[in-house]
Every structure is written in structure tokens, then in C-alpha cells.
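Encoded as C-alpha cells, the structure appears first; notes follow it.
The values are calculated or read from the model by the stated rules, or taken from the named source; none is laboratory data. Just so we're clear, the structure is a prediction, and the values are computed from it rather than from any experiment. FYI the Cβ positions are ideal-geometry reconstructions off the backbone, even for glycines, and counts take in every protein chain you see. Calculation scope for accessible area: heavy atoms of the full protein, side chains included, ligands and nucleic acids excluded. Shrake-Rupley method; radii C 1.70, N 1.55, O 1.52, S 1.80 Å.
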Amino acid sequence: MRIRATVAAVSGALALSALVVPAAHADDSEGDTKISNVSVNGGKAVVAGTTAAKKVTVTFTVTDDSGVDWAQAILFHGPSIENPDSGAVADSVDGRASCSKVSATTSTCKSTFTLEPGYNLVNKVAGTWKVWAVAVGKDADYVQKDNAKSFKVQRAAKLTVNASPEPVKKGRSITVTGKLTRANWDTGRYAGYTGQSVKLQYKKKGAKTYSTLKTIKTNSKGDLKTTVKASADGYFRYSFAGTSTTPAVNSTADFVDVK
């Protein structure tokens, strides 16, 4: 068995304590132990704001013909579990997952992690994270997976809109302004998200869906500004499709009364 128990210091914001970490960064196994059905945060991206910590739950199934002895999961960002640039520690004393017996050969396991802006969440680690996992059977069979599951950790975004004047005469120009910001984990504040494509959308009063009028880009401060012709009473909003590091977001709707 090539995994080893250690107290390891990980570069950057995190110290992994009382954990089992791999001696070699490669998938490994012996015997019939298997890990399956890995789920992170219920299958949704983890989205964090500027200050509040996020609790992230990882669940997985372990099988072994002799029964399951123990299991563990670690979250990390970077090239490998041995060379991460951030990570998280399970909320248990010894770092191991909590496993519940389903049958003589199967257990469901769960680990809970805390991701905290300014600590193990810094701007450079937004994007794809991975789950390192190991499970051991009662007969000492084991499996180690360096990437049992990939998932997104993203910087929360906010988007505003304001259409004016209100009311406006039909055929006159409406100026639609707004701002796209996202969480800066390094400073603990929201800041403008520059150079991003954002759709201006319109929904006529009584309609059920929005249509896209045009796409514009945010300026160096994350600001948005464009003009359209007033045609009928309706709602304007901005819509951002998101990136690998930032989730999609829509502004609230701003109603304009056209006379």
C-alpha cells in the first residue's frame, strides 16, 4: 500500500493536518475495493462570495467483498494532490470520511469541507478543483484515486440594470446602464469584471420570455451602457453567461412605461 499517514504542510493558504496523503501521485489499487458515485455539493458548482465560508459536502460509495474499513477524501486545486496551491480539510477530528454501512460489502461515505475566502480561497484558485479519495477494505485491499471527481469553485457575481428615462415616449432613446461585479477573494470586496460580454434582453409586457437585443462588453470598471429605441411597455435586463471562474447571473428586471 503506497499511501502513508502524515502531517503535511501545503503551500499557500492551507495546512492539511492529521490526513492520509499519497506517497506517489498516481491512481493505485490492490484487490477489489472500489469508489463510485462521487458527488460534490450535490452536483452544483461551489459559488463563494467575499467573506462567508462555504460548507461543501462530498459523498461517495465504497465497495469491498470483505466490507469497508475506512475512507477519506481531500479537495485540492493544482496539478496534483502533492503539489496543490490550495485545498480543504474534512470537518472531522482525524480527517476521515463518515461511512455508513449499507450492506456487508457496501458503505456510503461523506466528508464535509470548509472553503473560506481569503484563506483557502484566493483568486488564483477559482475554476476547476478535484477530489482525491482513498478507501480501504477490512481485508486491507484498497483503492486510491487522484481525481475521483472534478468540480467548479467560482467567484460569486452581481449584475445590475437601470433603464431611463421612465416613462418615455415611443420612438425615443432609452439608455440602459448596469454593472457586472464579482467577488475578489484576495481583498474581501466585489470588483468590476472587465471585458466581459453581456446581453441586453427585453421582454414585452405580458410576454413570458426575454429576447436578446444586443451584446456589449463591460468597461475597465465593469460598467455597461447602451441605448435602444422605445417601442412598447416592457422589461429590460442584463444577462451574463458566466465563465469557468464565475457563474452565470441575470440582473433584476427594470420596467419602462412607453407612452
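Quick rundown of the values:
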{"quantity": "Search result, residues across region 147-171 that are charged (D, E, K, R), assigned to a strand (DSSP E or B) and either modelled with pLDDT under 95 or farther than 29 Å from GLN72 by Cβ (or both)", "calculated": "LYS158"}
{"quantity": "Members of region 58-75 that are without any contact (Cβ under 8 Å) to a residue 60 or more places away in the chain, under 19 Å from the mean Cα position of the chain (by Cα) and open to solvent by less than 50 Å² (accessible area, probe 1.4 Å)", "calculated": "ILE74, LEU75"}
{"quantity": "Residue match in region 133-144 (condition: without any contact (Cβ under 8 Å) to a residue 60 or more places away in the chain and in a strand (DSSP E or B))", "calculated": "no"}
{"quantity": "Region 172-231, residues that are part of a strand (DSSP E or B) and without any contact (Cβ under 8 Å) to a residue 24 or more places away in the chain", "calculated": "SER211, LEU213, LYS214, THR215, ILE216, LYS217"}
{"quantity": "Residue that is nearest to LYS229 (Cα to Cα), among those in region 179-214 that are among the charged types (D, E, K, R) and touching a Leu at 6+ places or on another chain (Cβ under 9 Å)", "calculated": "LYS214"}
{"quantity": "Boolean, LYS101 is basic (Lys, Arg), within 16 Å of LYS149 (Cα to Cα) and open to solvent by 50 Å² or more (accessible area, probe 1.4 Å)", "calculated": "no"}
{"quantity": "Candidate set: region 70-118, residues that are touching a His at 6+ places or on another chain (Cβ under 8 Å) and within 15 Å of VAL58 (Cβ to Cβ); chosen: the one modelled with the lowest pLDDT", "calculated": "GLY87"}
{"quantity": "Odd one out for ALA191, checked against (1) open to solvent by less than 50 Å² (accessible area, probe 1.4 Å); (2) within 17 Å of the chain's Cα centre (by Cα)", "calculated": "(2)"}
{"quantity": "Extreme residue, nearest to ILE174 (Cα to Cα), among residues of region 246-259 that are open to solvent by 30 Å² or more (accessible area, probe 1.4 Å) and of a type in the set (S, T, N, Q)", "calculated": "THR252"}
{"quantity": "Residue count for region 81-96, restricted to those that are surrounded by 15 or more Cβ atoms within 10 Å (Cβ to Cβ) and within 18 Å of SER150 (Cα to Cα)", "calculated": "9"}
{"quantity": "Residues that are of a type in the set (S, T, N, Q) and touching a Phe, Trp or Tyr at 6+ places or on another chain (Cβ under 7 Å), drawn from region 216-245", "calculated": "THR218"}
{"quantity": "Residue satisfying all of: in region 99-132; small (Gly, Ala, Ser) and assigned to a strand (DSSP E or B); farthest from ALA26 (Cα to Cα) among these", "calculated": "SER100"}
